[in-house]
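Worksheet: one structure, shown below.
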Amino acid sequence: MTVDDDEVRHVAQLARIDLDEEEVDRFTEQFGDILGYFQALDDVPAVEPDPDLANVMRADEVDEGLTQREALRNAPETEDGYFKGPTVS
């Protein structure tokens, strides 16, 4: 796909970028290459979408949890039955 200098200048103006003539020439070629890559993507064949997935997760199972005393047993510091952390200011 070809891009001309006017299109590059227009895009540069929209982006509020000042380009000299050397940059316009360089970006004209680069923009053409980029648009060519997009053209190549259009030629990639479409694939069939995956079928809808079914729920493959197991059902939740409720187990006995820790008591408050067991949960706090290895805590370095506790206060009134709760974990105590450092003061954050």
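For the reader, a short list of remarks on this structure follows.
- Listed candidates (1) 8.1; (2) 16.7; (3) 10.0 - label of the one calculated as mean projected area of the Cα convex hull in nm²: (2)
- Charges were assigned to the Cβ only: +1 to each Lys and Arg, -1 to each Asp and Glu. The resulting dipole of the chain about its Cα centre is roughly 920 debye.
- FRET efficiency, 1/(1 + (r/R0)^6) with R0 25 Å, evaluated for Phe38 and Asp4 via beta carbons: 0.90
- Separation between Cα centres of the stretch 1-46 and the stretch 64-89, rounded to whole Å: 61 Å
- Only helices enter the 222 nm calculation for the chain: every DSSP H run of n ≥ 4 contributes -39,500 (n - 2.57), and dividing by all residues gives -13000 deg cm²/dmol, rounded to 500.
No lab work stands behind these numbers, since they all come straight from the coordinates. Quick caveat, the model's predicted, so the values are computed rather than measured. Ideal geometry is used to build each Cβ from the backbone, glycine not excepted, and the neighbour counts take in all protein chains shown.
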